[in-house]
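Since the structure comes first, as structure tokens, the remarks are kept for the end.
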Amino acid sequence: MKNKINIREQLFLQRENKELFEMAKSYAYTYMGKINDRPVFPSVKSIQQLSVFDEPLPEKPGNPDEILNLLHKYGSPSTVAQTGGRYYGFVNGNSIPIALATKWLSDIWDQNCALYVMSPIVSRLEAICEKWLKELFKLPSGTVAGLVSATSTATMCGIAAGRNEILRRQDWDINLKGLFGAPPIRIVIGEQAHATVIKALSLLGFGEEQIERVPVDSQGRMDADKLPLLDEKTIVILQAGNVKSGSFDPFVKIGNQANNAGSWIHIDGAFGLWAAASSEKKFLTKGIEKADSWSVDAHKTLNAPYDCGIILCKNREALTMAMQVNGSYIHYSEKRDGMHFTPEMSRRARAIELWATLKYLGRSGIEEIVDGLCDRAQQFQEQLSSAGFNILNEVVFNQIIVSCNTAEETNETLKNIQESGECWCGGSKWNGEPVIRISVCSWATTAKDIDRSVAAFIKAREKYHINLEA
Ligand SMILES: *Cc1c(COP(=O)(O)O)cnc(C)c1O
């Protein structure tokens, strides 16, 4: 074959002369420097230009400079400016600089953290993160942690641990006998459980019709007085941070009932569990220690980079037996093998950024991050309310639900906000009506960003009225 380049030779050259990496660094700095001066959501034009990526699979190796430049030129304008100060969509966090810097370094290391022998450093950092998180959330001392991609997976791990443990207590070894034909397990969740909880349940063999749904109050909190009678064959799934209102389930009341009945409690604390780290907000998480497992994201409230979810489980055996690969009993050593605590075997080393985030911020820094998000959310709701918008929830944490006076006015105002590029919020439904949902989840959001965003809300509503008259 003529014209065939020696690819290995090229790769050695690219690694040695480092120009590619310098170029990536320079593009990254350009992006970072302009993050607050660009539209928060990509323009129609930049999205149209994504068609440059539509091409057949290349027949031959390409030009690395061109590949990088393609991303810089056409990719970066079509990112959402999540790392700026005015992105309030879903519950998407930013990343703090030292975490990002350590992530760059660890990308060069490219460690696999399934086993200690694959990376002693990552094994050690995972163990340290486990210890620190347990202290921060004030969880029982035997609690173990697994680092997974996100809360979706973490929730699945927690429920799997609970399912298997409930069956084990009835002498049913699920690893041996499987789920089909096993004694029944009851699932109790709140009416406003997050969609990922339903997904996890379905992956684990529980259908919609098997789920007992507990009515919620005006804030989406489970009503403890309407809980069905619990027993030792029940998994109760609670929520620390309702994805719309930010509300927290009554952990003490439900926790006591579930503990007395011998039920397994899992708490979905994707963004809300971090309230435990704030003196002002920790009242919201009172009673979380009554649970058996907890899922939480470091990439939301804590502002560690994506992707970093955590499963915490009080009973090490319950989690590791549910996550085991070989069906045999696990031998633990001083040296942590990360894969015993996660569904994956090969995994990237997210412990590095998590460790760096926790080490840099420390207790007081984490508290300041959490309180800062909550303060900005308070400012946002006060200014919106003064401007005549309706605030539909009690703003206890970082989430705000907003509406205008009619469904149409809300929908059109939201559309105008999104198109303005000034800030970005998502839409949702609350009590059957369309609403604008705000999540203040970036450390970079300043009081000025809130002023500017409120101005964008007002302008977007005015635009709707002007269009009506036109
Ligand atoms: C974000 C969120 C999830 C899902 O977390 P991922 O990180 O997207 O997997 C689950 N529950 C709640 C309450 C959330 O806010």
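The values are calculated or read from the model by the stated rules, or taken from the named source; none is laboratory data. Keep in mind that this is a model prediction, so the values were computed, not measured. Neighbour counts run over all protein chains shown; Cβ positions are idealised from the backbone, glycine included. Calculation scope for accessible area: heavy atoms of the full protein, side chains included, ligands and nucleic acids excluded. Shrake-Rupley method; radii C 1.70, N 1.55, O 1.52, S 1.80 Å.
Run down I108, I98 and say which single residue is open to solvent by 20 Å² or more (accessible area, probe 1.4 Å), touching a Phe, Trp or Tyr at 6+ places or on another chain (Cβ under 8 Å) and in a helix (DSSP H, G or I). Working first, answer last.
Details: I108 fails: touching a Phe, Trp or Tyr at 6+ places or on another chain (Cβ under 8 Å).
Being open to solvent by 20 Å² or more (accessible area, probe 1.4 Å), touching a Phe, Trp or Tyr at 6+ places or on another chain (Cβ under 8 Å) and in a helix (DSSP H, G or I) holds for just one of I108, I98, which is I98.
The single residue among E368, E422, E412 that is over 27 Å from K282 (Cα atoms), open to solvent by 20 Å² or more (accessible area, probe 1.4 Å) and either in a loop (DSSP other than H, G, I, E, B) or without any contact (Cβ under 8 Å) to a residue 40 or more places away in the chain (or both) turns out to be E422.
Of all residues in the range 200-245, those being part of a strand (DSSP E or B), of a type outside the set (V, I, T) and touching a Pro at 6+ places or on another chain (Cβ under 9 Å) number 3. Screening Q49 against (1) of a type outside the set (A, V, I, L, M, F, W, C); (2) in contact with a Phe, Trp or Tyr (Cβ under 9 Å, 6 or more places away or on another chain); (3) open to solvent by 90 Å² or more (accessible area, probe 1.4 Å) leaves a single unmet condition, (3). Consider the range 246-257 and keep the residues that are more than 11 Å from the ligand (Cβ to nearest atom) and outside any loop (DSSP other than H, G, I, E, B). The one that is surrounded by the most Cβ atoms within 10 Å (Cβ to Cβ) is I254.
Scanning the range 156-199 for residues that are within 16 Å of the ligand (Cβ to nearest atom), assigned to a loop (DSSP other than H, G, I, E, B) and of a type in the set (S, T, N, Q) yields a count of 1. For W355, the stated conditions hold: it is open to solvent by 20 Å² or more (accessible area, probe 1.4 Å) and either modelled with pLDDT of 95 or more or in the same structural domain as L125 (by TED's automatic domain parsing) (or both). Consider A447 carefully, then state whether it is aliphatic (A, V, I, L, M) and more than 27 Å from the chain's Cα centre (by Cα). It is false that A447 is aliphatic (A, V, I, L, M) and more than 27 Å from the chain's Cα centre (by Cα).
Taken as a whole, the condition of being more than 29 Å from the chain's Cα centre (by Cα) and surrounded by 15 or more Cβ atoms within 10 Å (Cβ to Cβ) does not apply to Q82.
Filtering the range 375-409 down to residues that are of a type in the set (S, T, N, Q) and part of a strand (DSSP E or B), which residue is surrounded by the fewest Cβ atoms within 10 Å (Cβ to Cβ)? Selected residue: N390.
Which residue, of L203, L229, is away from the ligand (no atom under 16 Å from the Cβ), open to solvent by 40 Å² or more (accessible area, probe 1.4 Å) and at pLDDT 95 or above? Before you say what the answer is, go through the steps one by one.
On the way: L203 fails: away from the ligand (no atom under 16 Å from the Cβ).
The unique qualifying residue is L229.
Residues in the range 427-444 that are open to solvent by 10 Å² or more (accessible area, probe 1.4 Å) and in contact (Cβ under 8 Å) with a residue 40 or more places away in the chain were compared, and the one that is nearest to Q399 (Cα to Cα) is R437. Here E289 meets the list (1) within 16 Å of the ligand (Cβ to nearest atom); (2) closer than 17 Å to V144 by Cα almost entirely, failing just condition (1). Say we look at the range 258-280 and pick out the residues that are open to solvent by less than 30 Å² (accessible area, probe 1.4 Å) and in a loop (DSSP other than H, G, I, E, B); which of these is farthest from the ligand (Cβ to nearest atom)? Here the answer is G262. Scanning the range 460-470 for any residue that is closer than 18 Å to G89 by Cα and open to solvent by 10 Å² or more (accessible area, probe 1.4 Å) turns up nothing. Against the list (1) without any contact (Cβ under 8 Å) to a residue 60 or more places away in the chain; (2) within 16 Å of the ligand (Cβ to nearest atom), the condition Y88 fails is (1).
Being in contact (Cβ under 8 Å) with a residue 24 or more places away in the chain, in contact with a strand residue (DSSP E or B) (Cβ under 8 Å, 6 or more places away or on another chain), of a type outside the set (S, T, N, Q) and open to solvent by 20 Å² or more (accessible area, probe 1.4 Å) is a property that K314 has.
The lone criterion from (1) part of a loop (DSSP other than H, G, I, E, B); (2) open to solvent by 10 Å² or more (accessible area, probe 1.4 Å); (3) closer than 26 Å to R350 by Cα left unmet by E289 is number (1). If a residue has to be assigned to a helix (DSSP H, G or I) and either not assigned by TED's automatic domain parsing to the domain that holds G309 or not hydrophobic (A, V, I, L, M, F, W, C) (or both) to count, how many in the range 111-155 make the cut? So the count comes out to 13.
The condition of being more than 16 Å from the ligand (Cβ to nearest atom) and within 23 Å of I47 (Cβ to Cβ) holds for I67. Pairs linking a residue in the range 290-301 that is under 17 Å from V91 (Cβ atoms) to a residue that is within 9 Å of the ligand (Cβ to nearest atom) and assigned to a strand (DSSP E or B), with Cβ atoms under 6 Å and 6 or more positions apart or on different chains, are S295/D268; D297/G309.
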